[in-house]
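The structure under discussion appears below in the form of structure tokens.
The values are calculated or read from the model by the stated rules, or taken from the named source; none is laboratory data. Fair warning: this is a prediction, and the values are worked out from it, not measured in the lab. Cβ: placed from backbone, ideal geometry, glycine included. Neighbour counts: every protein chain shown.
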Amino acid sequence: AALAGLARTPPLSPLSPPFSLCSNLSLTSITSPSSLSHARFPFVNPPLSSSSARVMASMSIGGGAPRRPRDVGTEEHVPPPTTEELTVSHAALDGASPKKLIHFVHQTQEARISLTENFDSRFSDLVTAGKGEEYPQLVEQFKALYAACDVSLETIATRLASIPAGQAASKVVTSIVLEERSRADAHLQVQVMRQHKSVAGAAGEEGVADTAEALAMVEANEKSHISKIAELEEELRAEAADMDD
């Protein structure tokens with residue numbers, strides 16, 4: 001009943017900030033992430049705990065095709081990193097070349113992907129356990145973590161802008177931040193509409209076809225943001241390839 005109530009709430013406005021209207025969202029069943037190998041996120045402020053380090057694993061540091069959240073097998077959750085662990089250290093950036101700063105951008109993006117995998121798997125757990133009332137708290141927890149990723153990228157963009165060779169890359173990083181905020185909204189809209197469709201179909205309600213059409217629209221919107229982010233990240237790689245170490 002709790003999930004059904006959440007499922008009938010309206011989707012987010014596309015103009016709302018990411019994760020800001022959690023009371024309007026519903027849950028959807030998404031598989032949880034596979035177990036992650038140990039890794040470290042080098043530029044964070046304090047040393048990572050072993051649990052947080054596992055969240056950062058599978059990060060293709062410094063290149064390779066960008067990944068987006070994926071469906072994977074069910075495993076025990078690892079705790080997400082803290083906002084402090086996701087916030088770029090000014091000491092790490094001091095004296096860093098534009099190429100190194102871009103390297104940090106890709107690390108931040110991979111950390112964001114791991115966060116989304118962790119977030120989605122917890123969606124699934126709340127659905128399975130029938131604990132829809134805990135969803136707003138979960139959204140608020142991850143809202144702060146995504147914001148930390150944004151702050152890190154904005155800090156890097158500012159550093160790049162202060163270096164003549166990094167000014168073009170700075171604009172790309174700023175565009176990534178804006179696209180990621182829109183993608184976060186779109187991702188939550190997809191979650192809402194999936195639950196709308198699931199509940200409507202199970203109850204035999206009218207309008208299932210309309211709900212399916214609405215779901216297809218928000219899924220297409222999210223994919224468009226993902227594609228744009230991938231293009232921007234590739235543009236950054238091209239910028240880095242032309243830079244000196």
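Somewhere in the range 161-169, is a residue crowded, with 21+ Cβ neighbours inside 10 Å, at pLDDT 90 or above and among the aliphatic types (A, V, I, L, M)? Yes, the range 161-169 contains a residue that is crowded, with 21+ Cβ neighbours inside 10 Å, at pLDDT 90 or above and among the aliphatic types (A, V, I, L, M).
Does VAL105 satisfy the condition of being modelled with pLDDT of 95 or more and closer than 30 Å to ASP244 by Cβ? Step through it out loud before you land on a result.
Values: modelled with pLDDT of 95 or more: yes; closer than 30 Å to ASP244 by Cβ: yes.
Yes.
Looking across the range 85-125, the residues that are part of a helix (DSSP H, G or I) and of a type in the set (Asp, Glu) come down to GLU85, GLU110, GLU117, ASP120, ASP125.
If the requirement is being within 21 Å of PHE104 (Cβ to Cβ) and of a type in the set (Asp, Glu), which of these qualifies: GLU117, GLU134, GLU140? Result of the check over GLU117, GLU134, GLU140: GLU117.
Close contacts from the range 224-245, counting a first residue that is at pLDDT 95 or above and a second that is not in a helix (DSSP H, G or I), with Cβ to Cβ under 6 Å and a gap of 6+ residues or different chains, come to ILE226/ARG68; ALA230/PRO66; GLU233/PRO66.
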